Every structure is written in structure tokens, then in C-alpha cells.
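The values are calculated or read from the model by the stated rules, or taken from the named source; none is laboratory data. All figures in this text were calculated on a predicted structure; none of them were measured in a lab. Ideal geometry is used to build each Cβ from the backbone, glycine not excepted, and the neighbour counts take in all protein chains shown. Accessible surface areas use protein heavy atoms only, side chains included; no ligands, DNA or RNA. Shrake-Rupley method; radii C 1.70, N 1.55, O 1.52, S 1.80 Å.
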Amino acid sequence: MALGFFKSVRGQAGQAQADVPAPVPCDARPERTAVLCDIEELGVGMFWATDADDRLTFLSQRALEDLGQDGESLIGKPITQTFRDIDNEPGAPTQRSLSFKLKARSKLEEQIVAFEGGRGTTRWWRLNGRPLLDATGAFLGYRGSAVDISGQYFYETQIARQSQVDELTGLANRRKLNERLTATLAAFRATKRSCALMMLDLDRFKQVNDTMGHPAGDELLKQVAQRLTAIVKDRGEVGRLGGDEFQILLPDMDDRGILSDLANRIVQSVSQPYQVSGRRAIIGTSVGIAIAPYDGIDTDELTSAADMALYSAKGINGGTFCFFTTELRDEASRTAVLGDRLRDAVDRDDLTLAYQPLVDPITNEVKCFEALLRWHDAEQGVISPAQFIPIAENDDLIVKIGDMALRQACFDAMAWPDTIKVAVNVSAKQFVRAGFRNTIAAALEVSGLSPSRLELEITESVFVGDLETVDAIFRDLKKLGVRLALDDFGTGYSSLGYLKHGHFDKLKIDQSFVRGCTENGDTNPAIITAIVALAKALGMETVAEGVEAMDELDLVKQRGADLVQGYIYSQALPQEEVLAQVSNGAMKFTPNGPPRHRSDRISIFRKVGLIHEDHYYQVILRNLSKSGARISGLAGVPVGTDVVLDLGHGQLVVSKVVNASESSQGLQFETTLISDGGGGFMTRNRISPYSLAEAGIPLAALGAGAFPLAKWRAANKTAPRFLQLDIGI
Ligand code: C2E
Ligand code: CA
Ligand code: CA
């Protein structure tokens, strides 16, 4: 630390050196003491001395007064008992400890020590001193001087503290984090080490702050800080950037598997309920992750990558984490464009509703239709509500869209048999807005639909912020007579407390528990059983969502789910098709789907690279799972061939060809991929830009495309073994 104060103390120290008494012959001592007493009385300084065991043998009278003690009690005690080091004090300059210096018998120069003075106040002295040796060189003790620097020290360290520490939480502040990140990245570049950066933004913190007041908000931030520090421990540094934004710096971390585990634990921990000002509050957090040198090599680049990942995590409704990818950079601008286009679509009434049946799996009868928004954009085709609802939630557009969906769904349901209910999704933003109850009441009145036929699907994300206000909204809605369903159960804020209040008539088990629930060793069947039992005990109906395969249907039926919703029965249908069914009088759906669920396999159509020997081929990725992929675009690849699949962004996957047809091959990965948190897969590790730099490629963050070294190496020195087909994309 280069503060003026410490320099000036140093300056004084220079003069004070002269104050240190030189070793004196014993016979001169009384005279000498008299001189020193004069100096003391003039206020120039204080003196002290110790014996060979570092025990105090002398202290100036003024020093004793300062120490608030009678001389007798200090004399004879180890000096390190009277004075303590300042190294743990925030903002303090760094120095060796007093005991270290004493043990080493080194000179004390500007040693700052603290002690508890009279009336419980802390005081600080600057000590100078030197060891005293006898004629034979034996150590006799220290002699030294002291200056009281308390006032100045407190003021200067406070400034230092404020410039580095966040006053509220005691965590590192933005400035310190930035300095630390810059220094770490520079140092790590030289030693080729990696460093991950997590950016956090609390979900719905503003709500707590607004409804419960700023002191409650402050208290909440402190508790969040404690939870974060408890999780991160000494793996990294947690800081607060300001507001409800936190940052975590994790040196030597580039394994995206470990990082997702850590991010998951952070999300889970932050979303546990809080007790603030005697009330309960729940918030969540979104996390964006970027890793140097892969995603950025300097502070600005890495911070902006982590920011973009955070933005994307927030877009997925919060309560989740997201890794940076170069696609995110393009997505940010696409989102802005989509927002404008959505506004036009709403004005032009381009959004429609489709209805997906919720079927009783025993009788195959439809009990309810869920209204799902559909947007057919002239340019982009069908755009998923999962994509545009979060955009609409960023402003008042969600209110307009939500109102439209409610009115239309109530109106459409009037044309169905009375026994069939209609379920409408309500976003948390809509739910907590004043006037929501009136919107429902109006939709019911205008359409003439009986309230008992309207079901509102709400996700766990409404249980955030001030829970008493949320409770009041629930009571209002129950009074209206509408039914309430808890959607996506098990994915959100994982607090079962709110189920006790008995607001819900129905619990929808999230697709993530249902999909693949029959695969060996899966805990999902146990979770489904537990959810069904819990719901029954609390008098709620259960729905298994996202059932696609026959074995999944059998399982959820056997575990007692009351209703099933999924492609096994039907996708969402336009109102005309629902009406056609109604007029046929058959409100039954026949289950129809593959016999078994296939391991989470995503269909893809993307050009990627394939490395074999010294050749780099272009192939098309057809589908991808955690453990393998199907590719096309090469002919004559025998089963058993070892290849490396290049998924882009420095993701290389060592694979083996396990089956092959004329132009398509099935690959099995040596190491399984991990989930990217957004429904896709990624490799744990990536090729480091450092190793690329060693091969002569300029050091830079990884690009979206193929692994440059592979291309560069693939100078096609030998004849290619396989036939590259024209893949035309
Ligand atoms: P959700 O409420 O969980 O709706 C179920 C989603 O799962 C729907 O996606 C549905 O098409 C899909 N799905 C149903 N069965 C299966 C299956 O067997 N396999 C697979 N893979 N998917 C299945 P969709 O229509 O894309 O809607 C996505 C989300 O958008 C909805 O999730 C809901 O959160 C939101 N959303 C849709 N319509 C509205 C609306 O009117 N208002 C609000 N606030 N949100 C809506
Ligand atoms: Ca739903
Ligand atoms: Ca759902």
C-alpha cells in the first residue's frame, strides 16, 4: 500500500532512529535515564526495553499512562502480550509480525503494533528498536522508542478499507476485485494457468427491497454474502460489485463439470428462505461463468463474457447458471431484435393459443387442456414461448400478452364440454402485479366461464420476495373460485414450505424427472413416487409432464400420477382441431410413442470437424448425447476407428466409431459430456489457448469455429483415409 500516511510515518521514523538509545556502559545508566526522562517529558517520544526473554523491563511513564495500566502489571510480561500485530486489520499495511522480528533478533523499523488502551479503545504505536548485545555478543534484550500514531492510523486505514472493502458485507469491493482480476490474469498468463469468473445477480431482490424496506434489503445482502463465502471457502474470492451483484474469482479452475457443481450449489443455497427483520423472504440468483484464457484473456474481455453468460442465465427465468459461449454474443443482439418484432406481433394479433391435453392415463380421457402460446413469425418461422416469454417479461408486454391469453383461453373453453378444464400459464411477473385478480375476474365475466373450470399454472418463482404479499394474492384468487396448479415442480426454489398453505389444487411434476425416468439406476422414479405421495397427503392432484415414451407412461401410471401430459398423447393442438374432436364426441386420446426412452439425445444439424491422423474432415453432426454422437459426411470409415470430434470452441472429444453405414457413423465418446445448464451438452475441458500459442497461433480467447491447431496440423501430408462427401452446408 502506498498511502501518504505510511510514508510520513516512515519519514518520522528516520528522525526517530536517532532516539534509539545506543548501548551504554552500566555505570552511565542513571545519567542516561535522566536524559531520556527529559526527552519523554518534552513529548518527543517514549522508550521501552526488554530482557533476553523479550519481557518488558522498562516503559516510559507516559507509555504506561497510555496503556491504562499500572507499571507493575506490565513489567516482566512478554512484550508480545502487551502489543498485538495489525496484520488482520482491514486496510493495514503488510509487515512481518512482531514475534517473528523478535525471534530473528532483527531491528524493529516502523513496526506498527496495536493494544487495547484505557476505556476499551484501541491505540496504535509505531515502534523502533534494536537488539542489545554484550561484549561477548550475547543477546541482552531490546531497547527502543515508540510514537503514538493512533489518530492518523485509524483515519488512513479507514480510507484504505473503504477503497477495498464493501462496507455492508465486508467482502472485497468492485475496485479490489478488478485489481485482483487484472493482477491474476497477468500473472497467470506468464505461468499458463486458468481462472474462472462467476458473475451473480440476485433474482427478485428489488421486490424485497421495495416491499420490506432498505434495512431488510441490506440484511438480506449480508446473509447472501455469508452463504457465498461459506460455499466458496478458500477456493476463491467472493466480492460484491454493488447493488445485488456479486462476483467470485476462482483461480486455477477450468473444469466446467466442477464449475457447474459449484454454481448449482450456489443457486440452491441462495434460494433457501431467509429470515430478515422477523419475516421470511425468498430470493434467487442467476450465475454467469467465463473462464480465462478460453473465453477471454484480459479483465475487460473476461468480465464482458461473464456478464453475457449472466444475462443469458437471467433470460432462462433466473435461478440458474450459464457458461459463456461465443453464440451468446450474437444472441444478445438477436434478443433485442426479437423484442421489437414481438411488440409488432402483439399489435398485429399474431400470437395464437394451442391446447395440449392432460389425460387420465387409466381411461385415456381428457380432463383439461393447457393453453400454450404460439408465434408464427413470417421470417423466423415458429418461435418458442420459452424464448419470447422471458423477453416479454422484461417490460409491460407480458401483461398485454397474458391478458390476451387469459381472455382467449376462457372464451375457447366455453366451446368445450363442461367437464373439461382449461389451464393458463401465468408468469411470476404477471402474478405479483397489482390488478391481476381483476384481470382474472374480468376474463371470467366476459366469457361466462365458470371459475371452477379455470386453472392458473404458476411456477415456484412466485415464492420470492415478500411472502406475505404473495400469500394475500393467493387468498384473493381462491376467493374467486379458480383452481391453482404448481407448474414445473421440483425445478425451482426448492422450498416445500409453501405447499403447506394449501393454495394448490394440482402439482405438475417437471419434465426433467419424467424424461428418461426408466433408465437404469435413475433416482427419478423415487422422486416421482415421493412427489405423488406428498401431493396425495396434501390433497392435490398430480400431473406427469413431458411423457414421450410408452415405458415412461407405464412408470408414471404405476407410480400413481393422476394425469399425464406429453407427446405420448398429443402435442398442443389449434382450437379447430380440439373442436373437431369435440364434435366427434370422443374426448379420448390414444397413447402413441416409442416403446422406450432413448438416452437424452438432441437432434442437431450442424457442421463440425473430425480429426483422424493428420487430416481434418468436415462432417455433419446429426445428434448428440452425453456419451456419443451420430455424424454423416464421410464414407469408408471402419468400425473401431479412433477419431477426435471437434465441436468448436476448443471442445475436442476423443471418440471411437462404434457403428457405421455407407455415409453415417455412430461415435462413442471416451469421456462423457456434461450438461451446459441450458439443455445442451459440452466438454468438461477445452483446448487451452496457451497450447495454441505454443504452436504459433496468437494468444486469444477461443473462437466459435473449429480448433485452429487441428486445421493447421492437418496439412494433409499423407493421403486421406476416408472419402469426404460433399456436405453442402
Ligand atoms: P410449460 O408451462 O412447462 O409448458 C409445457 C411445455 O412442454 C410446452 O412447451 C409443451 O409443448 C412442452 N411439452 C409438452 N409435452 C412434451 C413432451 O412430451 N416432450 C417435450 N419435449 N415437450 C413437451 P412450449 O409450448 O414450448 O412452452 C414452453 C413454456 O413457455 C411453457 O412451459 C411456459 O412456461 C411458457 N408459456 C407458454 N405459453 C405461455 C403463456 O400463455 N403464458 C406464460 N406466462 N407462459 C407461457
Ligand atoms: Ca405450464
Ligand atoms: Ca411445465
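If you take the residues of segment 388-425 that are more than 25 Å from LEU338 (Cα to Cα) and either under 33 Å from the mean Cα position of the chain (by Cα) or of a type in the set (S, T, N, Q) (or both), which of them is farthest from ligand 2 (Cβ to nearest atom)? So, considering only residues that are more than 25 Å from LEU338 (Cα to Cα) and either under 33 Å from the mean Cα position of the chain (by Cα) or of a type in the set (S, T, N, Q) (or both), the one farthest from ligand 2 (Cβ to nearest atom) is THR419.
Each row is one residue, and each column tells you yes or no for (1) more than 25 Å from SER427 (Cβ to Cβ); (2) surrounded by 22 or more Cβ atoms within 10 Å (Cβ to Cβ); (3) out of contact with any Cys (no Cβ under 9 Å at 6 or more places or on another chain).
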position	(1), (2), (3)
PHE489	no, yes, yes
LEU496	no, no, yes
HIS501	no, no, yes
CYS517	yes, yes, yes
THR529	yes, no, yes
ALA537	yes, no, yes
GLY546	no, no, yes
ASP554	yes, no, yes
TYR569	yes, yes, yes
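Please verify whether GLU156 is surrounded by fewer than 22 Cβ atoms within 10 Å (Cβ to Cβ), in contact with a Leu (Cβ under 9 Å, 6 or more places away or on another chain), modelled with pLDDT under 90 and charged (D, E, K, R), treating the condition exactly as stated. If you could, list the steps in order and put the result at the bottom.
Working: surrounded by fewer than 22 Cβ atoms within 10 Å (Cβ to Cβ): yes; in contact with a Leu (Cβ under 9 Å, 6 or more places away or on another chain): yes; modelled with pLDDT under 90: yes; charged (D, E, K, R): yes.
In short, yes.
One line per residue, one yes/no per condition, for (1) touching a strand residue (DSSP E or B) at 6+ places or on another chain (Cβ under 7 Å); (2) of a type outside the set (A, V, I, L, M); (3) within 16 Å of ligand 3 (Cβ to nearest atom):
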{"position": "LYS506", "(1), (2), (3)": "yes, yes, yes"}
{"position": "THR542", "(1), (2), (3)": "yes, yes, yes"}
{"position": "GLU545", "(1), (2), (3)": "yes, yes, yes"}
{"position": "ALA549", "(1), (2), (3)": "no, no, no"}
{"position": "GLU552", "(1), (2), (3)": "no, yes, yes"}
{"position": "ALA572", "(1), (2), (3)": "yes, no, yes"}
{"position": "SER583", "(1), (2), (3)": "no, yes, no"}
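Residue pairs whose Cβ atoms lie under 6 Å apart, separated by 6 or more positions or on different chains, with the first residue in segment 498-511 and within 14 Å of VAL462 (Cα to Cα) and modelled with pLDDT under 95 and the second within 11 Å of ligand 3 (Cβ to nearest atom) and not in a loop (DSSP other than H, G, I, E, B), are PHE504/LEU486. Within segment 208-267, the set of residues being in contact (Cβ under 8 Å) with a residue 60 or more places away in the chain, small (Gly, Ala, Ser) and within 20 Å of GLU167 (Cα to Cα) comprises GLY213, ALA216, GLY239, GLY242. The number of residues in segment 159-205 that are out of contact with any Cys (no Cβ under 9 Å at 6 or more places or on another chain) and crowded, with 16+ Cβ neighbours inside 10 Å comes to 27.
Tell me, which residue of segment 433-450 that is surrounded by 16 or more Cβ atoms within 10 Å (Cβ to Cβ) and among the polar types (S, T, N, Q) is modelled with the highest pLDDT? The residue in question is SER447. Exactly one residue out of GLY435, GLY481, GLY490 is on the phi > 0 side of the Ramachandran plot and within 16 Å of ligand 3 (Cβ to nearest atom), and it is GLY490. Taking (1) part of a strand (DSSP E or B); (2) surrounded by fewer than 20 Cβ atoms within 10 Å (Cβ to Cβ) in turn, TYR616 satisfies each apart from (2).
Residues checked against (1) open to solvent by 10 Å² or more (accessible area, probe 1.4 Å); (2) more than 14 Å from the chain's Cα centre (by Cα):
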{"site": "GLY242", "(1), (2)": "yes, yes"}
{"site": "PHE246", "(1), (2)": "no, no"}
{"site": "PRO251", "(1), (2)": "yes, yes"}
{"site": "LEU262", "(1), (2)": "no, no"}
{"site": "SER269", "(1), (2)": "yes, no"}
{"site": "PRO273", "(1), (2)": "yes, yes"}
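Specify the residue that is farthest from ligand 3 (Cβ to nearest atom); the eligible residues are those in segment 451-466 that are at pLDDT below 90 and closer than 17 Å to ARG433 by Cβ. By that ranking, first place goes to ASP466. Of all residues in segment 340-373, how many are within 31 Å of the chain's Cα centre (by Cα) and within 16 Å of ligand 1 (Cβ to nearest atom)? Residues that pass the stated criteria total 3. Look at (1) out of contact with any Asp or Glu (no Cβ under 9 Å at 6 or more places or on another chain); (2) in contact (Cβ under 8 Å) with a residue 12 or more places away in the chain; (3) surrounded by fewer than 16 Cβ atoms within 10 Å (Cβ to Cβ); (4) among the aliphatic types (A, V, I, L, M) and you find that ILE631 fails only one, number (3). Being within 27 Å of ARG475 (Cα to Cα) and either more than 12 Å from ligand 1 (Cβ to nearest atom) or more than 32 Å from the chain's Cα centre (by Cα) (or both) is a condition met by no residue of segment 513-525. For VAL657, the test of being in a loop (DSSP other than H, G, I, E, B), among the hydrophobic types (A, V, I, L, M, F, W, C) and not assigned by TED's automatic domain parsing to the domain that holds LEU555 is failed.
Taking the conditions (1) of a type outside the set (Ser, Thr, Tyr); (2) more than 16 Å from ligand 3 (Cβ to nearest atom); (3) touching a residue at least 40 places away in the same chain (Cβ under 8 Å); (4) under 27 Å from TYR274 (Cα atoms) in turn, LEU534 satisfies each one other than (3).
Filtered by the rule that a residue be within 10 Å of LEU200 (Cα to Cα) and either basic (Lys, Arg) or open to solvent by less than 30 Å² (accessible area, probe 1.4 Å) (or both), segment 285-308 gives THR285, SER286, VAL287, GLY288, ILE289, ALA306.
For segment 361-368, state whether one or more residues are among the hydrophobic types (A, V, I, L, M, F, W, C), under 20 Å from TYR567 (Cα atoms) and surrounded by 15 or more Cβ atoms within 10 Å (Cβ to Cβ). Yes, segment 361-368 has at least one match.
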